[in-house]
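**Student:** Have a look at this one.
The values are calculated or read from the model by the stated rules, or taken from the named source; none is laboratory data. All of these numbers come straight from a predicted model, not from anything done at the bench. Cβ coordinates were reconstructed from backbone atoms using ideal geometry, including for glycine residues, and neighbour counts include every protein chain displayed. SASA here: full protein model, heavy atoms, side chains in, ligands and nucleic acids out. Shrake-Rupley method; radii C 1.70, N 1.55, O 1.52, S 1.80 Å.
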Amino acid sequence: MPTVSMTVNGKSVSGEVEGRTLLVQFLRDHLSLTGTHVGCDTGQCGACVVNVNGDSMKSCNMLAASADGAEVKTIEGMANDDGSLGVIQQAFQDNHGLQCGFCTPGMVMTADDLLARNPNPSEVEIREYLEGNLCRCTGYHNIVKSIQAASAAMTAGE
Amino acid sequence: MPKDSGIGAPSKRREDVRFLTGAGNYTDDINVAGQKYVVFLRSSVAHGNLNKVDTAAAAAMPGVVHIFTGDDFAEIGGLPCGWQIHSRDGEPMAEPPHPVLARGKVRHVGDPIAAVVADSVEQARDAAEAIELDIEELPAVVDMTDAISGNAAQVHEEAPNNLCYDWGFVEENRDATMEAFEGAHHVTTLELINNRLVANPMEPRVCIGDFNAPSGESTLYTTSQNPHVIRLLMGAFVLGIPEHKLRVIAPDVGGGFGAKIYHYAEEALCTFAAKTLKMPVKWTCDRSEAFISDAQGRDHKTKIELALDADGKFLAIRTETLANMGAYLSTFAPAVPTWLHGTLMAGTYTTPLIYCNVKAVFTNTLPVDAYRGAGRPEATYQLERVIDVAAREMGIDPVEIRRRNFIPADAYPYQTPVAVAYDTGDYHGTMDKLVEVADFAGFSARREASKAKGKLRGLGICSYIEACGIAPSALVGQLGARAGLFESCTVRVNAAGGVVVMTGSHSHGQGHETTFPQVVSEMLGMPEEMIEIVHGDTGRGPMGMGTYGSRSIAVGGAAMVRATEKIIAKATRIAAHLMEASHEDVEFKDGMFSVAGTDKQVDFGSVALSAYVPHNYPLETLEPGLEETAFYDPSNFTYPAGAYACEVEVDEDTGVVEIASFAAADDFGNIINPMIVDGQVHGGIGQGIGQALLENCVYDESGQLASGSFMDYAMPRADDLPMYTVDHSSITPCTHNPLGVKGCGEAGAIGSPPAVINAVVDALQSGGHNVTHLDMPASPDRVWAAIQAAK
């Protein structure tokens, strides 16, 4: 079996995987990073979104082998160094942007990617960027508000 | 100023920290050392004779531990149904067996046939594909009208003509209702479909069966809304495992919406396999499998008639409904189109005579059971649609016709003609609030603005009521429930401070870990952080009935209040002893006991310590310790109600409908955490708009599921939905539970579909298109076709 090596949340990791092993399986099963979730099998729901080399990626749609040598960030890497919630995470808590929590890691990772590209997105831009992330609990209202709040907090902090 | 803690405060959710850092503990995140993996082989046809299941070649494949088939369950019970309905002729419903694994016949696509246990998921999957099946395909019956036509395939021998039951309600009012139609000034008739939906909580179901051979104890980890109910149903009725040898754990659960209430075959299989093989086994459902194994929702065909007098007063309602049960009776399926549906047909109105006829029908489709709202959305949809049509036919404003018929605010308690008695409400009040927050006054200007953009704008309203907090055990027992519907709570005060609350309610997104401590904090006068909630584990709390039907705070919260009251009563006696006073003279306020008229006082923490270190303690009259349990069985349902308004913009050329705005004015009684209540309403409205505009579960004529993935089943996405205006400042507290609460979980999903469709029809009418009704979902093709047909 091939060996893959990558940096996940700033730590070097490697492991033996089958050719068909998906990145999400490598994260969950090999690294026990179970914050990344699997909510569908057609690349539609976005519960598995992680950041690979600066781009948000659906980790169920990518082979672990394809991430060899990559810089990967998951929900477990989003808190501040002191363990407190990062700006986006805090905005989700403050604005009740999550209920059951299952889609939440993907939402936070997608929001992180959006705000890196567009620090002041409009409501329409936020909703369009969340096109690939399904939530069944919130009706999206508070997710949009959370991302708006994170955007405001980041802009104010600069 | 809003409070910053306790009842009424928008306390931030403590559970969010783990969910936001990837530290949640969902069932699929759990791995038991040495676990094997289960993969189910399921029927690919909707109906057929299962002549042969040959596992020989598959069993010899690499990594395969064992393969279970229907024969393994021949001597074991099938999945039980928790509610029995009687037909109009007094006969009990047809209740055909529901095997764990199919034997002899398969009855829907996805019907489980065999379960492979192997060292890895991949090996189990490969082996499942190698099982040789001989299925002789039979004609399938999908459409409900066909199913009871006398010419259709039979789903079960035990259910002639595919009829499960033929229910009439209220039978005693039938003749009087028919008579009222004879002499009525106006009768409005509407035929409609309440579309079949897939609940689709974002977390697919997962089960892990484990068995401890020395103790003989089975443990099931499962994605359930009610682990105690699963323990009872599976232990007593399927596998014959006594409750003291069976523990069911539902840890973090990623949404339910009804689909995780029921006892499923996979739970029984995994528990049985672990015990048989003496090794842990895990099954993780993928989404494609969820579409063909989770119980689905709604799927009613209804004809409703409303009789009115010349002033638009409602005289009588009669309905005929076909309700799809699918191929087997899911746990609470028979109750949904009957007691959760017929009893709501009075709505918020004084209609004196109501008669509903419901025929429940078997078809070769997935089982159908409760989905957010469960029967109440179906009732509300037909009622609020037929009222709108009647208003248009009679030339009465839709708000005005509702106001003429509302139960007046001074009429409570109000006995409806459909068994239930509303304790309290104010429907004019919520309508007044809606008119204000939705800015009805500005609608004509907004309509003009839309017109200038080339869009037709419509305004639709709805006045809904629901029966929540299900409910008095004695009553539901009379109605056919095979379970009690109380809730339980144990409150444990620890010696060195801190309180653990063990509740039978289950949180799968509702935020109980935050709201329940708010109540106890208020009662005991201690910070919320000192109070911890334990739920979802039959090994760690008293028998409880779980979370569904917006019952958690109304029933589970009430049990928690009762247990906390017992704590305060005992602590008062301990405090009285410590202060050398009579307990009748001791007052408890803000965490402090004091003797009236003196400066004597002792704090709650000292009393708790004294209870566990009883050196100076009235041991002759009082046991040590400070832990109390309460079981609460309510005396009535609760009746949340409200009024919703939706504005849409319709593009005549394409049929595309956009939600322009959505406003909700609800009366939920007292509110524990307004932030969480807002979130519950948002989510319900999102699902309701999904039903009205996007979602549709479709089978083709052969019973194949045509909408079996997120590519084919249109889940609402962020850019399909608007921001919502939500108001719950209209409050008529529930009169029969200690918190005065009513429940808020389902309201959004109940009130929004009729508001959306009423708005779409209003938009089309405003453009001169004489469209009376559109079935959900009002997708662009349907809207466009309706416009063309009206030309």
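**Student:** Residue by residue through A:29-41, how many Cβ atoms from other chains fall within 10 Å of the Cβ on average?
**Tutor:** For this peptide, the per-residue mean of nearby foreign Cβ atoms is 5.
**Student:** Defining a contact as two alpha carbons under 8 Å apart and six or more residues distant in sequence, what relative contact order in percent does chain B show?
**Tutor:** It rounds to 15 percent for chain B.
**Student:** How large is the helix-only mean residue ellipticity at 222 nm for chain B, computed as the sum of -39500 (n - 2.57) over DSSP H runs with n ≥ 4, divided by its residue count, in deg cm²/dmol to the nearest 500?
**Tutor:** For chain B, the value works out to -7500 deg cm²/dmol.
**Student:** B:Glu529 accessible area, nearest 10 Å², 1.4 Å probe?
**Tutor:** Rounded to the nearest 10, the figure is 140 Å².
**Student:** Need the list of lysines near B:Lys570 for cross-linking: C-alpha distance under 22 angstrom, and skip anything on the same chain fewer than eight residues off.
**Tutor:** B:Lys589, B:Lys600
**Student:** Let me ask something else about it. Compute the Rg to Rh ratio over segment B:217-319 from the alpha carbon atoms, using the Kirkwood formula for Rh, and round to two decimal places.
**Tutor:** Rounded to two decimals, Rg/Rh equals 1.26.
**Student:** Project the alpha carbons of segment B:475-538 onto their principal axes and report the range along each, largest first, in whole Å.
**Tutor:** 46, 25, 22
**Student:** Top to bottom by accessible area (1.4 Å), largest first, where do A:Arg117, B:Arg457 land?
**Tutor:** Per-residue accessible area, sorted high to low, gives A:Arg117, B:Arg457.
**Student:** Between B:Asn494 and B:Ala56, what is the spin-label point distance in nm, taking each point 7 Å from the Cα along the Cα→C-beta axis?
**Tutor:** Here the answer is 6.1 nm between the modelled labels.
**Student:** Right, another one. Take each uninterrupted DSSP H stretch in chain B, measure its Cα extent along the helix axis, and return the ones at 18 Å or beyond whose mean Kyte-Doolittle hydropathy is at least -1.0.
**Tutor:** Span-like helices, by this rule, are B:376-394, B:557-578, B:674-689, B:747-766.
**Student:** Just the number please: accessible area per residue for chain B, 1.4 Å probe, all protein chains included, in Å².
**Tutor:** Value for chain B: 33 Å² per residue.
**Student:** Related question: Give the peptides B:401-407, B:271-277, B:92-98, B:222-228 in descending order of average Cβ contacts within 10 Å, highest first.
**Tutor:** Put in order of decreasing packing, that is B:222-228, B:271-277, B:401-407, B:92-98.
**Student:** Please compare each pair in B:Lys260/B:Lys303; A:Lys58/B:Lys36; A:Lys145/B:Lys12; B:Lys303/B:Lys359; B:Lys303/B:Lys455 to a cut-off of 20 Å on the Cα-Cα distance and tell me which ones are over it.
**Tutor:** Among B:Lys260/B:Lys303; A:Lys58/B:Lys36; A:Lys145/B:Lys12; B:Lys303/B:Lys359; B:Lys303/B:Lys455, the Cα-Cα distance tops 20 Å for B:Lys260/B:Lys303; A:Lys58/B:Lys36; B:Lys303/B:Lys455.
**Student:** May I pose another question? Roughly how compact is segment A:87-158, stated as its Cα Rg over 2.2 N^0.38 Å to two decimals?
**Tutor:** 0.97
**Student:** Under a no-solvent Debye model with one identical scatterer per Cα of segment A:3-77, what's log10 I(q)/I(0) at q = 0.11, 0.17 Å⁻¹?
**Tutor:** -0.21, -0.52
**Student:** Per-residue Cβ counts within 10 Å, from other chains only, averaged over B:247-256: what number is that?
**Tutor:** So the per-residue partner count for this stretch is 3.
**Student:** Follow-up question, since we're still on this one. Under 18 Å from a point placed 7 Å out from the Cα of B:His615 along the Cα-to-Cβ direction: which residues of segment B:458-496 have their backbone N that close?
**Tutor:** Of the residues in segment B:458-496, B:495-496 have backbone N under 18 Å from the label point off B:His615.
**Student:** For B:Asp603 and B:Lys245, what is the calculated FRET efficiency with R₀ set at 51 Å and r taken between the beta-carbons, to the nearest 0.05?
**Tutor:** 0.75
**Student:** Starting from the Cα coordinates of the protein assembly as shown, work out the convex hull volume and express it per residue in Å³.
**Tutor:** 187
**Student:** Report the charge-dipole magnitude of chain B in Debye, nearest 20, computed about the Cα centre from +1 at each Lys and Arg Cβ and -1 at each Asp and Glu Cβ.
**Tutor:** 420
**Student:** Moving to a separate point now. Of B:Cys489, B:Tyr26, A:Val4, whose Cα points farthest to the positive end of the dipole of the protein assembly as shown (charges on the beta-carbon: +1 Lys, Arg; -1 Asp, Glu; origin at the Cα centre)?
**Tutor:** Checking the options against the dipole of the protein assembly as shown, the answer is B:Cys489.
**Student:** Right, something else. Kirkwood hydrodynamic radius for segment B:9-67: how many Å is it when counted over pairs of different Cα atoms?
**Tutor:** One over the average 1/r among Cα pairs gives 16.7 Å for segment B:9-67.
**Student:** What size of dipole, in debye to the nearest 20, comes out for segment A:3-77 about its Cα centre when the only charges are +1 on Lys and Arg C-beta atoms and -1 on Asp and Glu C-beta atoms?
**Tutor:** 120
**Student:** Mind putting a number on the dipole of segment B:646-723 about its Cα centre? Charges go on the C-beta only, +1 for Lys and Arg and -1 for Asp and Glu, and I need it in Debye to the nearest 20.
**Tutor:** Rounded to the nearest 20 debye, it is 440 debye.
**Student:** Oh, and also: B:Thr145 to B:Glu191: extension gain in nm, 0.36 nm per residue of separation minus the Cα-Cα distance?
**Tutor:** Difference between extended and current length: 15.2 nm.
**Student:** Excluding residues on the same chain fewer than 8 positions from B:Lys301, give the aspartates and glutamates whose Cα lies under 12 Å from its Cα.
**Tutor:** B:Asp143, B:Glu191, B:Glu320, B:Glu378, B:Asp775
**Student:** How far, in nm, would the chain grow between B:Asn670 and B:Glu91 when pulled straight, counting 0.36 nm per residue and subtracting the alpha carbon separation?
**Tutor:** 204.2 nm
**Student:** Obtain the nm distance between the two label points defined at B:Ala23 and A:Thr42 by a simple spin-label model: each point lies 7 Å from its Cα along the Cα-to-C-beta direction.
**Tutor:** 3.6
**Student:** Quick check: with the 1.4 Å probe, what order do B:His615, B:His185, B:His47 take by accessible area, largest first?
**Tutor:** B:His615, B:His185, B:His47
**Student:** Continuing with this model, one more query. Hey, with R₀ at 25 Å, roughly what FRET efficiency would B:Asn770 and B:Glu658 work out to, going by the Cβ-Cβ distance, to 0.05?
**Tutor:** 0.65
**Student:** Please report, in whole Å³, the volume per residue of the convex hull around the C-alpha atoms of chain B.
**Tutor:** Given the Cα convex hull of chain B, per-residue volume reads 178 Å³.
**Student:** Another one. Expressed in nm to one decimal, what extension gain is obtained for the pair B:Ala421 and B:Lys303 from 0.36 nm per residue of sequence separation less their Cα-Cα distance?
**Tutor:** Full-extension gain reported as 39.9 nm.
**Student:** Turning to a different aspect of this structure: Heavy atoms only, 1.4 Å probe, whole protein assembly: order B:Phe516, B:Phe332 by accessible area, highest first.
**Tutor:** From most accessible down to least: B:Phe332, B:Phe516.
**Student:** Additional query: Would you tell me the accessible area of B:Lys600, worked out with a 1.4 angstrom probe on the heavy atoms of the protein chains, in Å² to the nearest 10?
**Tutor:** Counting only protein heavy atoms, the figure is 80 Å².
**Student:** Note down, for chain A, the three equivalent ellipsoid semi-axes (square root of 5 times each alpha carbon gyration tensor eigenvalue), biggest first, whole angstrom.
**Tutor:** Working through the eigenvalues yields semi-axes of 27, 17, 13 Å.
**Student:** Taking B:Lys3 as the anchor, which aspartates and glutamates have their alpha carbon closer than 19 Å to its alpha carbon, excluding any fewer than eight residues away along the same chain?
**Tutor:** B:Lys3 reaches A:Asp94, B:Glu513, B:Glu522, B:Glu528, B:Glu529, B:Asp590, B:Asp678, B:Asp727.
**Student:** For segment B:486-632, just run the numbers: alpha carbon Rg, then divide by 2.2 N^0.38 Å, N being how many residues it has.
**Tutor:** 1.07
**Student:** Considering every residue in A:127-135, what mean count of other chain Cβ atoms within 10 Å of its Cβ is obtained?
**Tutor:** The mean count of partner-chain Cβ atoms within 10 Å per residue comes to 4.
**Student:** Per residue, how big is the convex hull of segment A:32-123 when only Cα atoms are used? Give it in Å³.
**Tutor:** Output value, Cα hull per residue: 122 Å³.
**Student:** Quote the FRET efficiency, to the nearest 0.05, computed for A:Glu18 versus B:Phe443 with a Förster distance R0 of 51 Å and r equal to the Cβ-Cβ distance.
**Tutor:** 0.25
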